[in-house]
Each structure stands twice: as C-alpha cells, then as structure tokens.
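S.K.: Here's a structure for you.
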Amino acid sequence: MQPGNGLIGFIGLGVMGGPMAANLVRAGFDVLGYNRSTPAMDRLRDAGGTVATDAADVAARCDVVVTMLPDDLAVSAVYDEALLPKLRPDVVLVDMSTVTPALSRDIASRAATSGAMALDAPVSGGEQGAIEATLSVMVGGDPTTFERMLPVFQAVGKTINHVGEAGAGQTVKAANQLLVGGIIELVSEAILFLEAHGIEQGPALEVLSGGLAGNRILERKSAAMVAREFKPGFRIDLHHKDMGILMSAARDANLPLPLGAIVAQLFIASRARGDGGLDHSALLRNLEALAGR
Ligand code: NAD
C-alpha cells in the first residue's frame, strides 16, 4: 500500500488514532476517518483527511481499514457490525488497538474465510509517539501482507517488527504492558523513597537515569510524577484492561507472573480510588495512600 494508491479507512480517532490518522495524511495517504464523536472527525478534516458517515461507509469505500479503538468490546462491535459482514477479498484489516490475542486470531480467521487478510498491529510509545510518528509497532499475521502494509506502519512508527502469526502482536504488547506497569510502580516507589529521606528529586532522578536503572519512564514521566501531574496520556482504565489481557494469557500458558500479578492488583486499587481516568503514572497515588502521605 503506497501513498496515492487507494483509500485508507481509519476508525477510532482518539488520543492515539487522531494523530496517527493525521500522520498518514502527512505521509501522502488519502484517509477516510470515522469516530463515534464528531470533534475527533473535525480534527481529521482540519488535518487534511475526509470523514465517513459511519463505519460501514468506511468498509464499503476502503482497500485498507485501520482500527484504533479502546478494547475488545469496541473492536468486536465494529468488526461484527461493519467490517466483516460484506468484506471484499482484496481488503486488508489492520487492528492497532490493544485487545486479547484470542480476538485478533478470531478476526484473522474470519477475514480469511472471505479471502481477505487481517493483521494485529498494536503499538507502544504513547500519545507523544503517536504525534511524532515514532511508535513501536508489533505485528502479527501473514508476513506477505505485513510487507505490503509496511508503508502504512512507517507513516506512524519507527520500530516496526513482524513478530509471528495472528495474535502474536497482541502477545508482545501484553509483555510491553507488564514492563511499563512494573517500571511505573518501581519509579513511584523510588520517588517516594527519595522524598521520605528529604533528597532533592531533580539531581537524584537525573543521576539514576544515567546508570543501569535508567529507563524511559524515568526520562519521560518522572518530572510530572514528582509534580503530581497525572493528565493522560494513557489512562489507568486502559492499563487495567491490558493487565487483564496479560494475566489471562499467562494463565493460559500455565505461567506464573508474581510481580505482574501485584501490579495488576495495584491498577485495580487505583480504579477503586477513582483514579481510572488519570495517567497510568498515577499508580504513585496508591503508594502515597498506603504510606499515609
Ligand atoms: P481513546 O479512548 O482516546 O480513543 C478511542 C476512540 O475510539 C475514541 O475517540 C472513541 O470515541 C472511539 N470509539 C469508541 N468506540 C467506537 C465505535 N464503536 N465506533 C467508532 N469510534 C469509536 O483511546 P486511545 O488512548 O486512543 O487508545 C486506543 C487503543 O490504543 C487502546 O486499545 C489502547 O489500549 C491503545 N494504546 C493507547 C496508548 C495511549 O498512550 N493512549 C498507547 C498505546 C496503545
């Protein structure tokens, strides 16, 4: 799929999908977008895209359809109602949402019965990565279709790997969410530990970033965490969903993930506190409550 060669549909123009669709336009693709709420569609129009009347309109007019929706429920609804029923054999469906590997496998096999192809291509890199077109894209499904879709992935991402058959992209994304959630918890504990000892955070976190403990959460999120700014970004509610995907896939493989299980519990605690709409770095607030701070 090259720019100027057919129409790309994009369904789900939220925190991630909005800038990703805009980057496809910037790369020269003709983009037909659809989102349940209209302000998101106005933003795509301003960025140079066109908008559809509904998801079925996208399905009828596009050769490639990308979805970037919240969860299994939303993806199933759009695929069942709009994308799969009248699927043409030449169409490629690319789901970039984070969902269960089982749903991605089911979509791929149902697309194949119509002679079409479906890839799962979840991403990592957050809103900033979506805006800057520097996402990591982990792709499961037919390798030849992956090669054909590379220009689409290159318009939104920087590190793009085919990681296995249908569903494999989602399995790799679950491992990603284990790492990100666990590291956020550890950075939170380090911040509160330093605070408890009256250490100035700026120089301390900077020197930690330069050593073996250095990581992207420290680099990108620790300053906002120290300032207790938790505007999303990536919401606690979505990371909670991803920890559910991870723990269920680990159970399927008979694999214990002891630290992952604790982090999954901490996300539940955050939601119970009413923090579900905050950035996932707000895991820090749990720890403050636990420490009576
Ligand atoms: P979001 O809630 O901001 O965006 C989802 C969009 O889908 C919303 O605009 C919503 O109106 C729209 N939508 C929902 N149901 C719809 C339907 N039936 N038809 C049309 N539009 C519909 O979510 P997001 O942060 O953009 O995340 C999207 C996906 O990407 C999720 O699976 C999330 O886990 C994953 N993800 C998010 C981030 C991040 O930092 N936000 C990073 C990596 C991956």
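The values are calculated or read from the model by the stated rules, or taken from the named source; none is laboratory data. Because the structure is a prediction, the values reported are computed rather than measured. Positions of Cβ are generated from backbone atoms using ideal geometry, with glycine treated the same way; all protein chains shown enter the neighbour counts. Surface areas here come from the heavy atoms of the whole protein model, side chains and all, with no ligands, DNA or RNA. Shrake-Rupley method; radii C 1.70, N 1.55, O 1.52, S 1.80 Å.
S.K.: Only residues in segment 144-170 that are of a type outside the set (Ser, Thr, Tyr) count as the first member; pair them with residues that are surrounded by fewer than 19 Cβ atoms within 10 Å (Cβ to Cβ) and part of a helix (DSSP H, G or I), Cβ under 8 angstrom, at least 6 apart or cross-chain, and list the lot.
M.R.: Ala155/Arg26; Ile160/Leu150; Ile160/Gln154; His162/Pro143; Ala166/Ser109; Gly167/Ala102
S.K.: Okay, moving on. So Val180 clears everything in (1) crowded, with 23+ Cβ neighbours inside 10 Å; (2) over 24 Å from Ile8 (Cα atoms); (3) within 13 Å of the ligand (Cβ to nearest atom); (4) not charged (D, E, K, R) except one condition, right? Which one?
M.R.: (1)
S.K.: Further question on the same structure: Which condition does Gln201 not pass, out of (1) open to solvent by less than 40 Å² (accessible area, probe 1.4 Å); (2) over 24 Å from Gly14 (Cβ atoms); (3) within 16 Å of the ligand (Cβ to nearest atom), if it passes all the others?
M.R.: Every condition holds for Gln201 apart from (3).
S.K.: Further question on the same structure: Looking at Ser97, is it assigned to a strand (DSSP E or B), of a type in the set (Ser, Thr, Tyr) and in contact (Cβ under 8 Å) with a residue 24 or more places away in the chain?
M.R.: When the stated conditions are applied, Ser97 does not pass them.
S.K.: Here is a follow-up. Hey, can you tell me all the residues within segment 109-130 that are open to solvent by 20 Å² or more (accessible area, probe 1.4 Å), more than 12 Å from the ligand (Cβ to nearest atom) and assigned to a helix (DSSP H, G or I)?
M.R.: Ser109, Arg110, Ala112, Thr113
S.K.: Turning to a different aspect of this structure: Does Leu212 qualify as being within 20 Å of Lys173 (Cβ to Cβ), away from the ligand (no atom under 16 Å from the Cβ) and surrounded by fewer than 19 Cβ atoms within 10 Å (Cβ to Cβ)? Full working, then the answer.
M.R.: Details: within 20 Å of Lys173 (Cβ to Cβ): no; away from the ligand (no atom under 16 Å from the Cβ): yes; surrounded by fewer than 19 Cβ atoms within 10 Å (Cβ to Cβ): yes.
So Leu212 fails the test.
S.K.: If we keep just the residues of segment 131-174 that are of a type in the set (Asp, Glu) and not in a helix (DSSP H, G or I), which is surrounded by the fewest Cβ atoms within 10 Å (Cβ to Cβ)?
M.R.: Applying the filter and picking the extreme gives Glu165.
S.K.: Among the residues of segment 6-18, which ones are surrounded by 23 or more Cβ atoms within 10 Å (Cβ to Cβ), more than 7 Å from the ligand (Cβ to nearest atom) and not aliphatic (A, V, I, L, M)?
M.R.: Hits for segment 6-18 are Gly9, Phe10, Gly18.
S.K.: Hey, another quick one. Give the residue that is surrounded by the most Cβ atoms within 10 Å (Cβ to Cβ), with candidates limited to residues of segment 244-289 that are more than 18 Å from Gln170 (Cβ to Cβ) and of a type in the set (S, T, N, Q).
M.R.: Ser281
S.K.: How many residues are outside any loop (DSSP other than H, G, I, E, B), surrounded by fewer than 18 Cβ atoms within 10 Å (Cβ to Cβ) and either within 14 Å of the ligand (Cβ to nearest atom) or acidic (Asp, Glu) (or both) if we restrict to segment 19-41?
M.R.: The number of residues fulfilling the criteria is 3.
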